[in-house]
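These notes are about the structure you will find just below.
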Ligand code: PRX
């Protein structure tokens with residue numbers, strides 16, 4: 001496979017000297033230490049956490065099974081909270097939250113700790129939830145979600161956060177796969193001015209999710225909702241009736257901390273497992289060195305806790321570092337396109353971490369909007385989730401960062417647990433469009449299909465040494481874990497194509513498998529296809545991605561209707577809605593093309609590559625292996 005960069009990368013841009021002089025990392029010492037002895041280096045990072053019991057050895061590695069900080073014991077919530085209570089951070093603000101409707105909440109470390117202890121007591125004492133039990137969290141981005149995450153961690157229950165935009169169907173699948181005993185939710189979520197009744201979705205999901213015995217509902221409104229006695233419990237009442245002191249569970253370093261579902265190449269999402277000691281070590285370390293976190297920063301990561309970015313860089317990483325986190329429950333374009341800049345001005349936010357899709361949307365509405373706000377509090381910007389094109393990078397740098405804030409373009413994945421490749425903001429020159437170098441302690445290479453290393457040029461991105469926050473498995477399917485990540489090469493295969501240049505910077509181009517990246521969300525083509533064929537009107541479906549100026553990629557679905565079903569005016573809308581309801585609005589195809597047939601090989605395999613080329617208006621590749629080559633002409637006409 002030949003991987004080439006689409007972009008012409010421009011010159012290196014130096015970070016401002018004033019930034020560099022105060023940066024947490026100003027020289028190459030960390031790289032030198034890590035290169036000299038990687039395990040000593042990681043041990044030093046792990047020592048920044050509080051452990052109940054020290055480890056016997058740093059790493060036990062039997063590919064693909066890693067054990068980091070073997071036999072060490074610690075608790076994630078006490079590391080995020082309790083250890084700050086004996087310092088000046090006790091009354092420091094931990095979370096500042098605002099909602100789209102202007103609701104506000106502020107919690108100090110002390111207050112957050114108390115609430116977490118209260119919920120932990122309720123979960124363990126009243127509901128009898130034990131270490132290792134799974135709890136699903138299906139909530140909008142509110143402080144109560146962070147409290148729930150930490151309460152699970154405190155009692156050793158494994159949290160599985162499901163993004164509140166997922167449908168009842170998707171939620172049900174995840175509840176069943178994880179065999180969750182309990183779900184914590186809210187009555188409503190607010191999105192772009194409308195209320196979504198989350199509890200109704202939960203009730204529907206629970207019709208066929210029998211492992212769940214208890215539902216805790218954070219009630220945000222006084223509206224009457226369906227209430228099942230003996231199963232449903234009120235979040236606020238649960239907290240208020242419980243003690244504010246709680247003895248945390250001492251967890252083994254390798255005990256799972258959470259499961260997070262993400263898309264793969266099959267229709268079934270993968271429950272990625274992260275464990276405690278290694279994950280926390282990397283979360284604390286990477287937040288400190290990449291985001292340059294200091295005590296007086298106000299740090300805003302715009303991701304939802306439903307994604308890995310929210311886990312690592314909205315909850316665990318910043319709280320481990322005793323930072324003040326800003327959380328906003330809302331979208332970048334509602335009630336107006338200036339809302340993010342308004343928040344930055346009002347709260348004096350200093351570090352801002354968002355996704356390229358948002359930046360491209362801001363660009364589209366024009367620089368006159370951010371110009372109306374005072375953004376001088378910003379000192380560092382970040383980007384994550386998909387490749388950022390140099391044009392969007394430059395716009396972000398110029399109009400948001402006022403050419404004084406370094407940008408960290410951070411490449412990583414749900415499976416890597418934390419940032420793997422980026423520039424360090426006070427140390428490296430930036431190259432718009434390129435993520436940068438592997439962090440100290442991380443090794444990456446571009447490989448050829450046969451596994452040989454490409455020293456300069458394009459290839460398949462692989463992480464070549466184990467690292468503490470690496471995924472330990474797929475929940476209930478270790479075989480799939482081995483197959484997806486560890487069978488192609490001797491080392492971890494990320495599924496991305498990348499180019500390594502003469503400066504050893506990595507430019508990540510995108511997925512090389514059947515996974516799409518729509519607005520920074522991973523969506524498997526198979527997931528959308530299987531939801532489409534679930535529709536009684538659809539016989540067959542093939543899904544491909546096309547380039548989209550705002551979302552990076554958009555979904556096009558080619559659909560064959562069942563015998564006797566004819567095209568109608570609203571059929572396209574109906575099918576789009578079907579996918580939105582089955583999976584989530586984020587997986588909704590942009591276009592549906594009804595076709596009499598799909599390009600297939602003689603063995604019946606759909607050639608998505610040809611559909612992709614046709615949809616992107618590219619010259620078609622080899623069609624000789626098709627059983628029905630004439631169909632491509634027809635499809636080309638349908639696309640027009
Ligand atoms: O293709 C890469 C892209 O997002 C994928 C991981 O998606 P997910 O597990 O949902 O995690 C997103 C947040 C970490 C990767 O395989 N990706 C992520 N960050 C970048 C990126 N592609 C290019 N540049 C990035 N900075």
(request) Quick one: check the C-alpha center-to-center distance for region 41-56 versus region 269-343, whole angstrom. (result) 23 Å
(request) Which order do the peptides 152-161, 480-489 take when ranked by the mean count of other beta-carbon atoms within 10 Å per residue, highest first? (result) 152-161, 480-489
(request) Treat each spin label as a single point 7 Å out from the Cα along the C-beta direction, and report the residue 640 to residue 227 distance in nm. (result) 6.3 nm
(message) For a Förster distance of 22 Å, can you work out the FRET efficiency between the beta-carbons of residue 125 and residue 234, rounded to the nearest 0.05?
(response) 0.85
(message) For region 515-639, what does the relative contact order come out to in percent, with C-alpha contacts under 8 Å and a separation of six or more?
(response) 21 percent
(message) Residues of region 517-546 with the amide nitrogen closer than 19 Å to a label point 7 Å from the Cα of residue 333, along Cα-to-Cβ, please.
(response) 517-522, 546
(message) As an exercise, use a Förster radius of 60 Å and the Cβ-Cβ distance of residue 17 and residue 563 to find the FRET efficiency, rounded to the nearest 0.05.
(response) 0.30
(request) Please list 26-34, 65-73, 45-53 highest first by mean number of surrounding beta-carbon atoms within 10 Å per residue. (result) 65-73, 45-53, 26-34
(message) Tell me the mean residue ellipticity at 222 nm calculated for the chain from its helices only (DSSP H runs of n ≥ 4, each -39500 (n - 2.57), averaged over every residue, nearest 500).
(response) -7500 deg cm²/dmol
(request) State, as an integer percentage, the relative contact order of the chain based on alpha-carbon contacts under 8 Å between residues 6 or more apart. (result) 14 percent
(request) Starting from the Cα of residue 47, step 7 Å along the direction of its Cβ; do the same at residue 266; then give the gap between the two resulting points in nm. (result) 4.4 nm
(request) Provide the percentage of antiparallel DSSP beta bridges, counting only those with both residues in region 515-639; round to the nearest 5. (result) 80 percent
(request) With label points built 7 Å along Cα→Cβ from the Cα atoms of residue 623 and residue 454, find their separation and express it in nm. (result) 2.9 nm
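Where a number appears in this text, it was derived from the coordinates with a stated rule and is not lab data. Not measured: the values here are computed from a predicted model. Cβ: placed from backbone, ideal geometry, glycine included. Neighbour counts: every protein chain shown.
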